[in-house]
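Visitor: Structure provided below as structure tokens; questions to follow.
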Amino acid sequence: MKEISISANDAGQRLDRFLKKYLKNASLSYVYKALRKDVKVNGRRQKEDYMLCEGDALQLYIADSELAALTEVRKRRGTAKRQFKVIYEDDDMIAVSKPFGLLVHGDSTEKKDTLANQVTDYLIETGAYAPRLEKSFVPSPVHRLDRNTTGLVVFGKNAAALRTLSLMFREDGHVRKFYCTIVYGCLERKLHLKNMMVKDADRNRVRVLPLGSPDGKYIETIVRPVRPGEDYSLVEVELVTGRSHQIRAHLAYAGHPVIGDSKYAGRKYAAQAKWLEDNYALSTQLLHAERLEITDAPAPLEHLGGLVLEAPLPENWRALERGLIGE
């Protein structure tokens with residue numbers, strides 16, 4: 001029998017979710033079978049939805065050799081090359097600027113070289129995170145960007161901070177999110193877009209519908225012109241709701257697609273897209289998560305209230321802006 005004392009980073013989560021992380025090499029069926037037969041909390045059987053508290057004693061009635069195999073950390077070969085820039089860091093969070101082409105999380109095409117792994121390696125190197133001392137917690141991003149979107153991504157460095165940051169990004173009134181992009185067409189006035197959006201998971205794209213449509217989820221996007229040009233405009237986009245592909249789909253619906261975005265711009269802009277690819281090597285959406293403004297931060301992150309985070313534009317932006325809009 002092995003007894004585990006639940007730490008602050010392990011507390012506040014369901015028993016089954018803790019076990020899935022701790023018994024990282026076990027199947028789901030094994031975890032739920034163990035819950036019925038081989039797991040006690042403070043000497044008593046508990047259901048899978050029991051919320052762990054700091055100081056709880058978790059007893060696992062699993063043979064030592066079997067437990068060692070189920071909890072073994074499968075080390076990555078080497079560490080991922082660091083490509084991000086640190087924008088802000090304290091004891092609770094780290095904000096980094098993600099480069100073009102890097103996944104935030106792994107997928108079927110790439111599991112090792114991800115932003116999450118790079119940030120974790122950095123925190124291990126600096127001593128901010130010690131995996132050997134943790135049972136289930138790993139520093140994690142609070143939100144994500146598409147592979148080809150650049151800019152700010154925020155990570156929680158401990159469980160309490162991660163939960164609070166996740167709430168702040170999920171609920172209104174805590175964080176304002178601003179993006180920079182160049183769109184097709186001359187945009188001279190502010191757009192306040194409110195619509196519904198439905199997702200087509202099979203095609204990995206979304207569709208924007210009129211406000212009040214019975215289907216879909218509500219989306220809200222504010223677009224402010226920064227430098228209108230004759231054929232292209234530099235704009236700031238405030239993401240009020242944060243849904244997958246929202247900016248790209250919403251701007252296309254409004255008649256000003258993001259340049260380079262073949263998925264949502266459509267055939268109307270095919271000739272311009274080909275010209276941009278030939279002259280500027282731009283073959284995907286130009287979108288940069290430029291600024292985050294923390295307007296309100298609940299405990300234990302009150303010190304973050306009023307913080308403004310900014311990620312510098314990638315190097316190719318100035319050349320694009322000069323070439324498409326002028327000096």
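The values are calculated or read from the model by the stated rules, or taken from the named source; none is laboratory data. The structure presented is a predicted model; accordingly, all values stated were derived computationally and were not measured. For neighbour counting, all protein chains shown are included, and Cβ atoms are generated from backbone atoms with ideal geometry for every residue, glycine included.
Visitor: Given (1) at pLDDT below 95; (2) among the aliphatic types (A, V, I, L, M); (3) under 20 Å from the mean Cα position of the chain (by Cα), where does residue 247 come up short, assuming only one miss?
Guide: (1)
Visitor: Then there is this: I need the full set of residues from region 215-233 which are among the aliphatic types (A, V, I, L, M) and more than 10 Å from residue 188 (Cα to Cα), in order please.
Guide: Initial filter on region 215-233 (among the aliphatic types (A, V, I, L, M)): 219, 222-223, 226.
Result: 219, 222, 223.
Visitor: Here is a further query. Quick check: anything in region 256-263 in contact (Cβ under 8 Å) with a residue 24 or more places away in the chain, touching a Leu at 6+ places or on another chain (Cβ under 8 Å) and among the β-branched types (Val, Ile, Thr)?
Guide: Checked against the condition, which is being in contact (Cβ under 8 Å) with a residue 24 or more places away in the chain, touching a Leu at 6+ places or on another chain (Cβ under 8 Å) and among the β-branched types (Val, Ile, Thr), region 256-263 yields at least one hit.
Visitor: Would you check if there is a residue in region 54-67 being under 24 Å from residue 142 (Cβ atoms) and in contact (Cβ under 8 Å) with a residue 40 or more places away in the chain? Before you say what the answer is, go through the steps one by one.
Guide: Looking only at region 54-67, we keep the residues that are under 24 Å from residue 142 (Cβ atoms), and these are 54.
Subsequent filtering for residues that are in contact (Cβ under 8 Å) with a residue 40 or more places away in the chain retains 54.
Yes, there is a match, as at least one residue in region 54-67 is under 24 Å from residue 142 (Cβ atoms) and in contact (Cβ under 8 Å) with a residue 40 or more places away in the chain.
Visitor: Another question, then. With 203, 243 as the choices, which residue is within 27 Å of residue 314 (Cβ to Cβ), in a loop (DSSP other than H, G, I, E, B) and assigned by TED's automatic domain parsing to the domain that holds residue 306?
Guide: Going through 203, 243 in turn, the sole match is 243.
Visitor: Sticking with this structure for a sec: Checking the structure you have, find out if any residue of region 150-173 is on the phi > 0 side of the Ramachandran plot, without any contact (Cβ under 8 Å) to a residue 40 or more places away in the chain and surrounded by fewer than 21 Cβ atoms within 10 Å (Cβ to Cβ).
Guide: There is no residue in region 150-173 that is on the phi > 0 side of the Ramachandran plot, without any contact (Cβ under 8 Å) to a residue 40 or more places away in the chain and surrounded by fewer than 21 Cβ atoms within 10 Å (Cβ to Cβ).
Condition check ((1) exposed (fewer than 12 other Cβ atoms within 10 Å of the Cβ); (2) among the hydroxyl-bearing types (Ser, Thr, Tyr); (3) in contact with a Cys (Cβ under 9 Å, 6 or more places away or on another chain)) across all residues:
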site	(1), (2), (3)
16	no, no, no
21	no, no, no
27	yes, yes, no
33	no, no, no
43	yes, no, no
49	yes, no, no
56	no, no, no
65	yes, yes, no
72	yes, no, no
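Visitor: On to the next question. Please find, among 220, 188, the residue that is more than 24 Å from residue 314 (Cβ to Cβ) and in a loop (DSSP other than H, G, I, E, B).
Guide: Testing whether each residue is more than 24 Å from residue 314 (Cβ to Cβ) and in a loop (DSSP other than H, G, I, E, B) leaves just 188.
Visitor: In region 309-322, which residue that is aliphatic (A, V, I, L, M) and surrounded by 12 or more Cβ atoms within 10 Å (Cβ to Cβ) is farthest from the chain's Cα centre (by Cα)? Quick ask: steps written out before the conclusion?
Guide: Keep residues of region 309-322 that are aliphatic (A, V, I, L, M), which gives 309, 311, 313, 319-320.
With the extra rule that they be surrounded by 12 or more Cβ atoms within 10 Å (Cβ to Cβ), the set shrinks to 309, 311, 313, 320.
Working: 309: 16, 311: 15, 313: 19, 320: 27 Å.
Step by step, filter region 309-322, then rank; the result is 320.
Visitor: Sticking with this structure for a sec: Out of all the residues in region 273-293, which are farther than 18 Å from residue 221 by Cα and crowded, with 16+ Cβ neighbours inside 10 Å?
Guide: The answer is 273, 276, 280, 282, 284.
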